[in-house]
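Enquirer: Quick one: this structure, given as structure tokens, is what I'll be asking you about.
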Amino acid sequence: MSQPPLDTTRKAITELDEQLLSLLAKRRNLSVNVALSKEQTLKPIRDVEREQQLLARLTKIGNEMGLEAHYVTKVFQGIIEDSVRYQQNFLSSRANPELGQDHYRIAFLGTKGSYSHIASSLYCQARQAQMLELGCASFSEIIDKVESSQADLGFLPVENTSSGSINEVYDVLQHTSLAIIGETQIDVDHCLLGLAEADLDKVTTVYGHSQPISQTSLFLKQHPHLKIEYCASSADAMQAVQRLQDPSIAAIGSELGGIHYGLKPLQNKISNQSLNQSRFVIVARQSVSVPLQIPAKTTLIIATGQKAGALVDVLSVFKSHNINMTKLESRPIQGNPWEEMFYIDVEGNLQQDKMQSALSEVAAITRFIKILGCYPTDKVSPTELDAAQLLSKEDSREFLIERPTSVNFAKGTLGDGNYFAVFTHSQGMNLAQINLDCQASKDVAVDALLLSYPQSQDEALFDHINKTSKDMRLNVIAEAQSATQVQALLSLVSGLSVNAQHLVHQELIDALGHAHKPVIVRSSLDAAAVSVAQITKILAKGNQQLVLLIECDVLDIVKLQQLKADCPCAIIIEPSGTLAHPAIASQTAIAIKALGFAGVSLSLDNKDGFDGDSLAASVRELL
């Protein structure tokens, strides 16, 4: 049988791709009818049960066509997310007709190519509007541009998953009359950018904004000869390289931003964390009305005074009204030494009775309260299927029905009633810091130190770490990202850690499945169902020493209990965001044990903010 010419096949594929795009556009337009119906019935935009039924039916049809369940799920999760966002934007524009413009004057930090510029551009693209660019040199200038009506909207970066909160933004929000009307998140993929003729080995100076420099500290430590020059924005850094025309100078920025300045990537993916995202808030002169069908978030500032337990009293109010808090940030009050202002994000709409009741109670027990804004939540969590729905028939046959009830580390057991405590270190192979972390772990009597970043397999370094931890009965766990790293680390550590997003590679699954050491799989709660399916595949290869580590910024009890029922291995919880705040970290650890999980993981990276005595006492109580 003769093969058709390659050009003929490519033409047929191109035609199919265009048909797919046409169908996706038609599907999106139909979703407007759904939004109009829900506007009248006041039903929420999202119907998770309906979405799960849709995904289950489509994965079944896909399997019959030879399409793997994970592939079908991933494709339609993206389609569903787009539909949800489109409907939410549609209803928001109907509730706030003044925002339904065909162009926006947007003030952002830096110039074309900065991450703020990218976030602003994506916001306008999603609303099919043009952007009139107003680049600014500072966060204060962004505020001024909007307050003076030179700009319609201002984009302010408030936090990054790698470097944390941007304190300067919280400080300017404290004193403005502007309202937060929205939020947006973008993926941040830092590159080292240089001229076309530049070579990485010959670079001597790196320009960058303070945040990207902080977020790429591990890469920079590997090149200690590089001189760092700070700039007001990533765009300014790239402009400097373009202006100076010196191949020994490079900038930290995005590959997309580099295109604007004729720069090429000298090194891709240099962020400390492979999953690196920045969150922006959008400010305007007038607040917006958020339809009740759309998930909303409210941001407020409070000052409690110095009364003991005052902050806990405020948090208890939100808890009593069943309102989830997603962020808690403290900033000093200028002119009042040792007093702090607290910035709080909660999930809820100002139009809801429970929110109004909660805010009234908070106002009665605080010295100061200011609502910065109520706005639609940007995050659209992917609809998940359970592990049984995701597994193919072949995987199901291999699945070990008998769940392992414990995991045996070199020093201690996780499970079977033994509560396991882990300290996580993610600041690179800094031996001095690791020595301090080992000592801190000993002082609090935790079970393991998890080195959460890609490892160099330097036997001398691990010999030093193992000697330091040997007398402390402390297990050392290291992260692996490939099958090669698994093999190199097996003889050097007590256990392995792997980020679930890397388990798309079959060779890594095979290597972990044949390993003779405990494996901790790190995942978010939103991606837990996919992670459970991946763990099942590893178990089927033979390794029964599996642990699922779930990062949580909210203790969603319903989801966590369902996960515990579905997961074929022990689960430990790593609190993040608000749950890891110094004021409540120890109580969080106790709550995790009360919910019946096998252990807790606490980050050491910000340990200076913790009440060490309180945390130590809590962990000892847990153990």
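Enquirer: Once amide H atoms are built 1.01 Å from N in the peptide plane, which residues 5 or more positions from Gly599, or in another chain, come under 5 Å H to H?
Expert: The answer is Phe420, Ile573.
Enquirer: Oh, and also: Per residue of the stretch 526-536, in order, report the coupling 6.51 cos²θ - 1.76 cosθ + 1.60 (Karplus, θ = phi - 60°) as ³J(HN,Hα) in whole Hz, putting x for Gly and Pro.
Expert: In residue order, the calculated couplings are 5, 9, 5, 4, 5, 5, 4, 5, 5, 4, 4 Hz.
Enquirer: Using a Förster distance of 35 Å, how high is the FRET efficiency between Ile228 and Glu507, based on the Cβ-Cβ distance and rounded to 0.05?
Expert: Computed FRET efficiency for Ile228 and Glu507: 0.40.
Enquirer: What part of the accessible area of the stretch 135-244, given as a whole %, is carbon or sulfur when the probe is 1.4 angstrom?
Expert: In the stretch 135-244, the share of accessible area belonging to carbon and sulfur is 45 percent.
Enquirer: Kindly provide the chymotrypsin sites (Phe, Trp or Tyr not before Pro) of the stretch 321-377 that DSSP labels as loop, not H, G, I, E or B, and whose Cβ sees at most 14 other Cβ atoms within 10 Å.
Expert: When the chymotrypsin sites (Phe, Trp or Tyr not before Pro) of the stretch 321-377 are filtered for loop state and at most 14 Cβ neighbours within 10 Å, Trp338 remain.
Enquirer: What fraction of the Cα pairs in the stretch 29-107, stated in percent, has a spacing above 14 angstrom?
Expert: Considering the stretch 29-107, 70 percent of its Cα-Cα pairs are separated by more than 14 Å.
Enquirer: Please work out the FRET efficiency for the pair Gln52 and Asp246, using the Cβ-Cβ distance as r and a Förster radius of 56 Å; give the result to the nearest 0.05.
Expert: Once rounded, the FRET efficiency stands at 0.50.
Enquirer: Can you tell me how the stretch 1-142 classifies by the Cα gyration tensor, rounded, prolate or oblate, using a/c under 1.5 as the rounded cut?
Expert: Here the stretch 1-142 falls in the oblate category.
Enquirer: Under 11 Å from the Cβ of Asn268, count the other residues' Cβ atoms, weight Lys and Arg +1, Asp and Glu -1, and hand me the total.
Expert: 0
Enquirer: Another question, then. Tell me, what is the per residue accessible area of the stretch 1-137 in Å², probe radius 1.4 Å?
Expert: 64 Å²
Enquirer: Return the long-range amide H neighbours of Glu551 (sequence gap of 5 or more, or a different chain), with a cut-off of under 5 Å between placed amide H atoms.
Expert: Amide H neighbours of Glu551, under 5 Å, 5+ apart: Ser523, Ser524, Leu525, Glu574.
Enquirer: Between the stretch 486-533 and the stretch 113-144, what's the alpha-carbon centroid distance in Å?
Expert: After rounding, the separation between the Cα centres reads 39 Å.
Enquirer: Taking amide H atoms as placed 1.01 Å from N in the peptide plane, list the residues 5 or more away in sequence, or in a different chain, whose amide H sits under 5 Å from that of Gly113.
Expert: Answer set, sorted by chain and number: Ile118.
Enquirer: Let a ≥ b ≥ c be the square roots of the eigenvalues of the Cα gyration tensor of the stretch 470-537; is it rounded (a/c under 1.5), or, if not, prolate (a/b larger than b/c) or oblate?
Expert: Oblate is the answer for the stretch 470-537, as a/c is 1.5 or above yet b/c matches or exceeds a/b.
The values are calculated or read from the model by the stated rules, or taken from the named source; none is laboratory data. Quick caveat: nothing in here was measured; it's all calculated off a predicted structure. Methodologically, a virtual Cβ is constructed for each residue, glycine included, from the backbone with ideal geometry; neighbour enumeration extends over all protein chains shown. Keep in mind that these areas ignore ligands, DNA and RNA; they rest on the heavy atoms of the full protein, side chains included. Shrake-Rupley method; radii C 1.70, N 1.55, O 1.52, S 1.80 Å.
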